[in-house]
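Quick one: this structure, given as structure tokens, is what I'll be asking you about.
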Amino acid sequence: MPSSSMAKTLVKTFLKSPHSLKTKIQAKQLHAQFLKTQPYSPSSTSILISIYTNFNLLQHSLFLFNSLNSPPFLAWKSIIKCYSSSGLFANSLTCFVKMRSFGVYPDHTMFPFVIKACVFLKNLRLGESIHGCIIRMGLDFDLFAGNALLNMYAKFQSLQLTGGCKVFAFNVFDGMPKRDKLCGRLAQERDKSVVGLDSVAKVLETMPKRDVVSYNTVIAGNAQNGLYEEALRMVREMGNANMKPDSFTLSSVLPIFAEHVDVMKGKEIHGYAIRHFFDSDCYIGSSLIDMYANCARIEDSCRVFNLLSKRDDISWNSIIAACVQNAVFDEGLKLFRRMLTAKVKPRDVTFSSIMPACAYLTTLHLGKQLHGYIIRGGFDDNVFIASSLVDMYAKCGNIKAARWIFDQMEHHDMVSWTAIIMGLALHGHGRDALSLFKQMEKDGVKPNYVSYIAVFTACSHAGLTDEAWHFFNSMSQNHGIKPGLEHYAAMADLLGRAGKLNEAYEFISSMHIAPTGSIWSTLLSACRVHKNLELAEKVAKEIFKVDPENVGAYVLMSNMYAASRRWKEAAKMRIFMKKKGIRKEPACSWIEVKNKVHTFISGDKSHPLYDRIFQALKDLLEQIEREGYIPETNEDFHDVDEEQKKYMLFSHSERLALAFGIISTPAGTTIRITKNIRVCVDCHTAIKLISKVVEREIIVRDNSRFHHFKDGKCSCRDYW
DNA sequence: CTAGGGTTAG
């Protein structure tokens, strides 16, 4: 317990040197002592405020500040600083303006705080007038104020609030005219042409003194504005000026190499960071994670993450996003759970990073849980999150929910439009998708490369050939987007499905980039659907030219030969595959029941309820045969008898999943199944009839689209 | 006074 004599010593020491106070406790003891022994003298109160401010005790500072009728300079300065470092930038600025109205002038140490506040509040006008104030007071050569201004103008540049950069242009080009004149001119010239970020760099040149912070600020400013060459040039210049890049420099530079997918340069930076003991730095860590992830080196991302000694929310977000972007969804979800366990609060970025994992894995229950979390956290008006939700609901088979979320959005950007258009397309609502696309153009939102993939997907699944041609032409003519592989693939697919096989062949042959195996493959499967073996052989040749290991082509050809009873050729295809050691990916379906995902591989009897599933399939078969079902068995097998073939069709993974879904959910429940490859014709027919006899809606997502089965019909109208 | 992470892709 402190005695009163101790307190008195404290006061003595304090008055001699206020900064000797080392702890909050001491500050409070001092405050108590002041209350006892002295009246509220403005100057001692101000000193006390500044001490509380140094400990960032805003409430204590405020309490004292409010007791002052006419606060002296130090009190203003402290309270403004305290507001700023507590993140209360609006209060900080209000205070600053109020201080000026009291006739109190700021000093050079105050400007960095208020300028930072202007940046945070995106208040360009106030920022400019504060800059004017700095000039009028002749403090424009102050290093800290200058750095703060550099940062402010660079940030406003990235926000495209470009008016301010002219200030620097005047500074530079007018060779510093009389200050008052300059300020007057500024107001007049405000709306003249944009000078841009290079003027920020030029100011750097006129600064009498520059430190690492000045360089870092300009480097970051350039990097954030996409001026990568300039940013790197500044790094070299910084070195020439005998200043060493520090952790700030590196974390600004790394995203450049992530963007350029330049892992060698990225590794150089990583090496530099290790040599200079920056590698445990949180900021560099997340840049490194992102850089490696962008270069498809997810293992390296994980290594960096695991070696981090300190992790904040951004480190977690980075590694989660890294996993999801590299299709390591399970790991991403695991890390998300670990993040929650580690008591790190997820943020908006976390959700938009993790949501695609639910979309790809079709884990609707997880997606819904996350949606709940998002609503509770008040993140649901974030465009990134809303778009990812639209996508997730669409991919998980709930197009109505996707549409609802889209309609709830206040503001639609290109990505959210594209997400809903793609969703509708995958669910076979081609016309709705196209009318939304037109709506988007009407709203003045420019489509990009991806939007057109969605458009062609819509045309493809609805068989809208003419519309597709129209969009294919207007894509380059009206929007200057060159067709890429994905567009060609979608167009080829569309022509093929529509049975225009020769048109498709011509189309692919006349592409301005070399067609890939996968583009030819779309035509090959169209040949199978339309039973054109002759063209198929021609197409297969093309495929094997560019991609001799294309599994799908071998399988398809083998099946087509078998279907026309040309067993020898069929066998030849299988022998080729064996020789090359390539294997067909096993067919696999999965279904969510009671928040658990059940996976079925075709022919797999290992499910604990297999006996009941088999029995259910047998019962269903009897029921649908009464509805007129005839198994289509001519395609896949040739050396087994008809009765056996029927049972072999049983083993298709989607049927196992479907039967399991029927026996383990209450009557009437919608069944959602996901499959890794396309549904076969026989299963498609069977599931249509099953939807009728069990009176349920059955939604199957294959690798191509959604099929909504209901009352014996499918939403694809047998066109897929 | 300066730095890092996010949504759409047959």
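The values are calculated or read from the model by the stated rules, or taken from the named source; none is laboratory data. Treat the numbers as computed from the prediction; the structure is a model and nothing was measured. So basically every Cβ, Gly included, is an ideal-geometry build from the backbone, and we count neighbours across all protein chains shown. Heads up: the accessible areas ignore ligands, DNA and RNA and are worked out on the full protein's heavy atoms, side chains in. Shrake-Rupley method; radii C 1.70, N 1.55, O 1.52, S 1.80 Å.
Considering only residues of the stretch A:522-540 that are surrounded by fewer than 22 Cβ atoms within 10 Å (Cβ to Cβ) and among the polar types (S, T, N, Q), which is nearest to the chain's Cα centre (by Cα)?
Among those that are surrounded by fewer than 22 Cβ atoms within 10 Å (Cβ to Cβ) and among the polar types (S, T, N, Q), it is A:SER525.
So is A:PRO245 at pLDDT 95 or above, in contact with a Phe, Trp or Tyr (Cβ under 8 Å, 6 or more places away or on another chain), at negative phi and within 11 Å of DNA strand B (Cβ to nearest atom) or not?
Against the criterion (at pLDDT 95 or above, in contact with a Phe, Trp or Tyr (Cβ under 8 Å, 6 or more places away or on another chain), at negative phi and within 11 Å of DNA strand B (Cβ to nearest atom)), A:PRO245 qualifies.
Quick grid of which residues meet (1) at pLDDT 95 or above; (2) crowded, with 19+ Cβ neighbours inside 10 Å; (3) part of a helix (DSSP H, G or I):
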| position | (1), (2), (3) |
| --- | --- |
| A:SER61 | no, yes, yes |
| A:LEU64 | no, yes, yes |
| A:PRO71 | no, yes, no |
| A:LYS81 | no, yes, yes |
| A:VAL97 | no, no, yes |
| A:PRO106 | no, yes, no |
| A:THR109 | no, no, no |
| A:VAL119 | no, yes, yes |
| A:ARG125 | no, no, yes |
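What are the pairs with Cβ atoms under 6 angstrom where one residue, in the stretch A:691-708, is of a type in the set (Gly, Ala, Ser) and the other, located anywhere, is at pLDDT below 95 and open to solvent by 30 Å² or more (accessible area, probe 1.4 Å)? Sequence gap at least six, or different chains.
Here the result reads A:SER691/A:LYS710; A:SER704/A:ARG678, each pair linking the stretch A:691-708 to a residue that is at pLDDT below 95 and open to solvent by 30 Å² or more (accessible area, probe 1.4 Å).
Can you give me the number of residues within the stretch A:347-366 that are within 12 Å of DNA strand B (Cβ to nearest atom), under 18 Å from A:ALA402 (Cβ atoms) and open to solvent by less than 40 Å² (accessible area, probe 1.4 Å)?
Qualifying residue count, the stretch A:347-366: 8.
Would you please list the contacts, defined by Cβ atoms under 9 Å and residues six or more apart or on different chains, that run from a residue in the stretch A:494-518 that is open to solvent by 60 Å² or more (accessible area, probe 1.4 Å) to a residue that is polar (S, T, N, Q)?
Correct list of pairs: A:LYS500/A:THR465; A:GLU503/A:THR465; A:SER518/A:ASN550.
Does the stretch A:451-463 include one or more residues that are among the β-branched types (Val, Ile, Thr) and more than 15 Å from A:ILE421 (Cα to Cα)?
No, the stretch A:451-463 contains no residue that is among the β-branched types (Val, Ile, Thr) and more than 15 Å from A:ILE421 (Cα to Cα).
Please state which of the following conditions A:GLY428 fails to meet, knowing it meets all the rest: (1) under 28 Å from A:ALA357 (Cα atoms); (2) at pLDDT 95 or above.
For A:GLY428, the failing item is (2).
Output the number of the condition that A:ARG528 fails; it satisfies all remaining conditions of (1) in contact with a Leu (Cβ under 8 Å, 6 or more places away or on another chain); (2) touching a residue at least 60 places away in the same chain (Cβ under 8 Å).
(2) is the only condition that A:ARG528 fails.
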